Amino acid sequence: MSTSTKLWLSLVRMFSGRRPLLYSFQASLPRLPVPSVDDTIHRYLESVHPLLDGDQYQQMAILAKDFKNSKAAQLQRYLILKSWWATNYVSDWWEEFIYLRGRGPIMVNSNFYIMDLLYVTPTHRQAARVGNVVHAMLQYRRKLERGEHAPLRALGTVPMCSSQMERMFNTTRIPGIETDIVQHLSDRKHVVVYHKGRFFQLWLYTGGRHLLPSEIETQIQRILNDKSEPQPGELKLAALTAGNRVPWAQARIKYFSQGVNKVSLDAIESAAFFLTLDDEPQGYDAAKTNSLDGYAKSLLHGQCYDRWFDKSFTLISYPNGKIGINAEHSWADAPIVGHMWEYVLATDCFHLGYTEEGHCKGDASRSLPPPTRLHWKIPKECQEVVERSYLSAKQIADDVDFHGYLFREFGKGLIKKCRTSPDAFIQIALQLAQFRDQGVFCLTYESSMTRMFRDGRTETVRSCTTEAVEFVRAMEDTAATNTQRLVLFRKAADKHQNMYRLAMTGSGIDRHLFCLYIVSKYIGVDSPFLKKVLSEPWKLSTSQTPQQQLNLVDMNKFPKYVGAGGGFGPVADDGYGVSYIIVGENLITFHISSKFSCPDTDSYRFGQYIHRAMMDIQRLFMPENDRMVNTGKPVPMENGKKQL
């Protein structure tokens, strides 16, 4: 840390008190700085150098030089001006143009999911599990509204922005013709529950207090026992949120602006969150092949009509007691939802608990009114719109090739003994796996947070560096020794760590280039360089799922109470999406997605290449360091390309 940073931290601690609240540091957080154009262009050209041949690189360098000498100064002035009056010069544009203005489906393409505990299911009673989890969510929301959660700090020291948490509950993405909006309401006292094609409104308060877990269990069991049939058009109604945004916006105006349809839609959009009671059991089962694959696809898209994809999050409950979340992405990033999820799972298992029979503890009031059905009058024309949205969404869902993979050979513990960052280790392994799978290197996206700045969200770490490429080529070169490879690996790891630091501290390049492009569109300045940069595809998109943000569970005492992480759909039609969570000291879980329709990708195959890459890199640190790594033919796969 610099002297000025240490001084700032000392002042922050002094004025925040011994037990600061969630938002105690907000006013003292610095604004995200605008990098210099020279630095951004230099780092950009450095990042694409290993991906372009000589002629392509020279062409890009000419475009960059022309931009710097002609239009860059004008655009930069506007951006600096915005940074003076906006709390964050990136975040509002990022939310609007990356998320809300997108007119394609948000299911799979934008929403993400988070899984339950990997090994433990505290009760196999569906209604009881929902009772505890929903009650824990209400406790979390109350602490959130009062600001009673401890503020998060990077490395346990530097305060991080908590503004994204404000819209966790009572929030819905509302479709529009040209752009969506995010609607956030004050305290809501109900949730909407979907079960077997019916929508129910469930009140969460009685007599001025939250429902007890046992009372929520009773209410959920009433819904599970309800034998009524869906109303005409009700079964697949939520498919409107899974398809293209314009048809949904038009249908909302035409068919849901008055009468019972408006009342029922208002109930959904004003709910604290959405809850789905599924019929098919899910979760990790060591005895079943590909159990994580089906679990992930269920959370990511379900049947395309049984999640309300516009809600800030949908809680999904399964009949075997497992749960999970599907989250809309525009209002916040995955670590924010993960923070709430850690609190909920810990509260569920270690504070609320269950009886020996698996029910929620405590007695339920017998005077509670039962949940009420939402009523709809869906005309045939609207049902046709719903069906078209469903068919469009189903085509997307059926194309998702997913593979959940548990890497148990080693974990964070061994990697740290190698004096290497676990994230850098995994990112370099992904580069090696990508090259072995595709035979070429590609533009790689790793998400990094910028929440050390006010209203900060994310920045991109471009993981395919020159140093990583040199290391991968050495791994594939039978003439190279492991000593040489290890030297190159350390250079690549150091480079990655430095890039991650730059991204976290406001010196990344991609958000700066994005904002320069937005300014150019606003003022009508054409830039071939910025157009080229913003059109480049991310064929490998990666993200690490954070864990132990709250440290509520001692992983040494309770090693089985680990989360399974979460994931997202493929970003490119011909690429991979990879999310990973470093669980404890000896487990890393990978969530890999691609598309069946691409003949060149296979999520299971890529998982095998990741395993092999991790093991090959680990061998570099073994005492017999100069032994050759196997760089022959790919390991045989258990199954070939899956069929549509």
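The values are calculated or read from the model by the stated rules, or taken from the named source; none is laboratory data. Since this is a predicted model, take the numbers as computed values, not measurements. Glycine also receives a Cβ, built like all others from the backbone with ideal geometry; neighbour counts cover every protein chain displayed. Protein only, heavy atoms only, side chains kept; ligands, DNA and RNA dropped before computing areas. Shrake-Rupley method; radii C 1.70, N 1.55, O 1.52, S 1.80 Å.
A compact table of results
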read-out	value
Lone unmet requirement of (1) part of a helix (DSSP H, G or I); (2) within 18 Å of L45 (Cβ to Cβ) for R501	(2)
The listed residue being in a helix (DSSP H, G or I), of a type in the set (D, E, K, R) and farther than 25 Å from A27 by Cα, out of R141, R103, R129	R129
Residue within the stretch 71-78 that is in contact with a Gly (Cβ under 7 Å, 6 or more places away or on another chain), on the phi < 0 side of the Ramachandran plot and either among the hydrophobic types (A, V, I, L, M, F, W, C) or surrounded by fewer than 16 Cβ atoms within 10 Å (Cβ to Cβ) (or both) present	no
Residue check, M137 open to solvent by less than 40 Å² (accessible area, probe 1.4 Å), within 24 Å of the chain's Cα centre (by Cα) and closer than 30 Å to S257 by Cα	no
Subset of the stretch 96-134 [of a type in the set (S, T, Y), open to solvent by 10 Å² or more (accessible area, probe 1.4 Å) and in contact with a His (Cβ under 9 Å, 6 or more places away or on another chain)]	Y99, S110
Only one of G404, G338 that is in a strand (DSSP E or B) and surrounded by 14 or more Cβ atoms within 10 Å (Cβ to Cβ)	G404
Residue match in the stretch 234-249 (condition: touching a Lys or Arg at 6+ places or on another chain (Cβ under 8 Å) and without any contact (Cβ under 8 Å) to a residue 60 or more places away in the chain)	no
Selection from the stretch 262-312 of residues that are open to solvent by less than 10 Å² (accessible area, probe 1.4 Å) and among the charged types (D, E, K, R)	E269, D306, R307, D310, K311
Subset of the stretch 432-460 (residues that are touching a Leu at 6+ places or on another chain (Cβ under 8 Å), in a strand (DSSP E or B) and open to solvent by less than 30 Å² (accessible area, probe 1.4 Å))	T444
Close pairs from the stretch 526-537: first farther than 15 Å from K68 by Cβ, partner among the acidic types (D, E) and part of a loop (DSSP other than H, G, I, E, B), Cβ under 9 Å, at least 6 apart	P537/D573; P537/D574
Set G294, G324: member being within 24 Å of Y405 (Cα to Cα), touching a strand residue (DSSP E or B) at 6+ places or on another chain (Cβ under 8 Å) and not hydrophobic (A, V, I, L, M, F, W, C)	G324
Unique match (being in contact (Cβ under 8 Å) with a residue 40 or more places away in the chain, open to solvent by 30 Å² or more (accessible area, probe 1.4 Å) and among the small types (G, A, S)) among S463, S507, S520	S507
Selection within the stretch 568-606 - open to solvent by less than 20 Å² (accessible area, probe 1.4 Å) and closer than 20 Å to G104 by Cα	G569, P570, A572, G575, Y576, G577, S593, S594, C598
Within the stretch 238-260, tally of residues that are in a helix (DSSP H, G or I) and either open to solvent by 10 Å² or more (accessible area, probe 1.4 Å) or touching a helix residue (DSSP H, G or I) at 6+ places or on another chain (Cβ under 6 Å) (or both)	13
Some residue of the stretch 482-503 being out of contact with any strand residue (DSSP E or B) (no Cβ under 6 Å at 6 or more places or on another chain), surrounded by fewer than 14 Cβ atoms within 10 Å (Cβ to Cβ), farther than 30 Å from A73 by Cα and hydroxyl-bearing (S, T, Y)	yes
Residues of the stretch 298-329 satisfying the condition of being part of a strand (DSSP E or B) and of a type in the set (S, T, Y)	T314, S317
Matching entry among K412, K416 (being open to solvent by 40 Å² or more (accessible area, probe 1.4 Å), more than 30 Å from T289 (Cβ to Cβ) and at pLDDT below 95)	K416
Complete set of residues in the stretch 174-190 that are open to solvent by 10 Å² or more (accessible area, probe 1.4 Å), touching a residue at least 60 places away in the same chain (Cβ under 8 Å) and not in a strand (DSSP E or B)	P175, G176, I177, E178, T179, L185, R188, K189
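Here is a yes/no grid of residues against (1) part of a strand (DSSP E or B); (2) at positive phi:
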position: T172; (1), (2): yes, no
position: V192; (1), (2): yes, no
position: S214; (1), (2): no, no
position: E217; (1), (2): no, no
position: I220; (1), (2): no, no
position: L224; (1), (2): no, no
position: K227; (1), (2): no, no
position: P230; (1), (2): no, no
position: G233; (1), (2): no, yes
